[in-house]
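Below is one structure, written out as structure tokens; the observations come after it.
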Amino acid sequence: MSSQPLAGRRILLTRAAAQLPALAEMVRRRGAVPVAFPCLAVESMPDTIMQAIAKLERFSDVLFTSCNGVSSVVDALGSHGMDAAALFAPMRVAAVGNQTADCLNQHGIRTDIVPETASQDGLVDAYLQSGLPERLLFFRAEEGREALAEALTERGIEVETVAAYRTICPHDDASDVIAMLRDGEVDAVLLGSARACLHYLQRVGDATLAARPVSVAISQKMAAAAMCGGLHVQLVAKSASFEAMLDVLSDHFATDRSSYTHE
């Protein structure tokens, strides 16, 4: 048996397909076996993005809360021959967390504000520490939370929320993964959002079967949402990142060797 608690473990990854390679590599570094099962598909909304960009000069700050939002905005601008890095250079740019900041940096967009806690609540604290925006342009998912916009509006800040993309459930064949779940060949599933959890249950089609692997949630809020949807979550990450999810899963299996089933 390897000294790595996750060695040989088969871990189901439910992120959008474009985000799976980086997460799969993270899983492999732990000695585990990634099993791709995208439960999110991203549908960009270029029309709403470009309508907002037409009013860009009105805003002092711009905020991105996911890599999907960054990609959607950059692609929409690129299709119109516009350089996102140059366009946002005069503005103060915020990212919800380090992963989103990395995505922005990959496109040459400087990030000025990254909260210690990767959440909208963390962003409120970061803005209070760094200075509130005069007017904020907020690119997010269509189904995103309103917490940040409400908190800033209460402080007299104009916030324009722009639906840059929506997440939908993929419809490709799931029979291979369902067979693995039935045969007990999946050790754990990583659930990074409430929507991913909802679509995971939808794709599997059986809450009991979906609950066979150890379920890991990225946050307490996400765990609560999963349980409301009918999925019992056994583990919750100590911070909102996939590394933290793998940490808590590693600790779990380090103390539960009896559950190991794969050679």
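The values are calculated or read from the model by the stated rules, or taken from the named source; none is laboratory data. Worth saying up front: this structure is predicted, and the values here are computed from it rather than measured. Note: ideal-geometry Cβ built from the backbone for every residue, glycine included; neighbour counts use all protein chains shown.
Condition (residue is of a type in the set (D, E, K, R) and either at positive phi or in contact (Cβ under 8 Å) with a residue 60 or more places away in the chain (or both)) applied to the range 116-132: is it met by at least one residue?
No; the residues of the range 116-132 include none that is of a type in the set (D, E, K, R) and either at positive phi or in contact (Cβ under 8 Å) with a residue 60 or more places away in the chain (or both).
Test Asp112 against the criterion of being more than 29 Å from Ala76 (Cα to Cα), of a type in the set (Asp, Glu) and either assigned by TED's automatic domain parsing to the domain that holds Lys55 or at pLDDT 95 or above (or both), and give yes or no.
no
Somewhere in the range 236-250, is a residue outside the structural domain of Pro46 (by TED's automatic domain parsing) and touching a Cys at 6+ places or on another chain (Cβ under 7 Å)?
The answer is no, given that none of the residues of the range 236-250 is outside the structural domain of Pro46 (by TED's automatic domain parsing) and touching a Cys at 6+ places or on another chain (Cβ under 7 Å).
Can you name every residue in the range 88-113 that is closer than 11 Å to Leu63 by Cβ and assigned to a loop (DSSP other than H, G, I, E, B)?
Met91, Val96, Thr111, Asp112
Out of everything in the range 171-192 that is of a type in the set (A, V, I, L, M, F, W, C) and within 21 Å of Val236 (Cβ to Cβ), what residue ends up being farthest from the chain's Cα centre (by Cα)?
Val186
Quick grid of which residues meet (1) buried (at least 20 other Cβ atoms within 10 Å of the Cβ); (2) among the aromatic types (Phe, Trp, Tyr); (3) within 23 Å of Thr100 (Cβ to Cβ); (4) in contact with a Gly (Cβ under 9 Å, 6 or more places away or on another chain):
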{"position": "Gly8", "(1), (2), (3), (4)": "no, no, no, yes"}
{"position": "Met26", "(1), (2), (3), (4)": "no, no, yes, no"}
{"position": "Ala32", "(1), (2), (3), (4)": "yes, no, no, yes"}
{"position": "Ala41", "(1), (2), (3), (4)": "no, no, yes, no"}
{"position": "Pro46", "(1), (2), (3), (4)": "no, no, yes, no"}
{"position": "Ala52", "(1), (2), (3), (4)": "yes, no, yes, no"}
{"position": "Leu56", "(1), (2), (3), (4)": "no, no, yes, no"}
{"position": "Thr65", "(1), (2), (3), (4)": "yes, no, yes, yes"}
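Hey, can you tell me all the residues within the range 1-16 that are touching a His at 6+ places or on another chain (Cβ under 8 Å) and either free of Cβ contacts under 8 Å to residues at least 12 places away in the same chain or part of a strand (DSSP E or B) (or both)?
Arg10
Restricting to the range 139-191, and then to whatever is basic (Lys, Arg) and under 30 Å from Val124 (Cα atoms), can you tell me which residue is surrounded by the fewest Cβ atoms within 10 Å (Cβ to Cβ)?
Looking at the filtered set, the residue picked out is Arg155.
Gln19 is checked against (1) over 24 Å from Ala147 (Cα atoms); (2) modelled with pLDDT of 95 or more; (3) part of a helix (DSSP H, G or I) and fails just one. What number does that condition carry?
Every listed condition holds for Gln19 apart from (2).
Counting only residues that are touching a residue at least 60 places away in the same chain (Cβ under 8 Å) and surrounded by 17 or more Cβ atoms within 10 Å (Cβ to Cβ), which one in the range 214-240 is nearest to Ser119 (Cα to Cα)?
Here the answer is Ala240.
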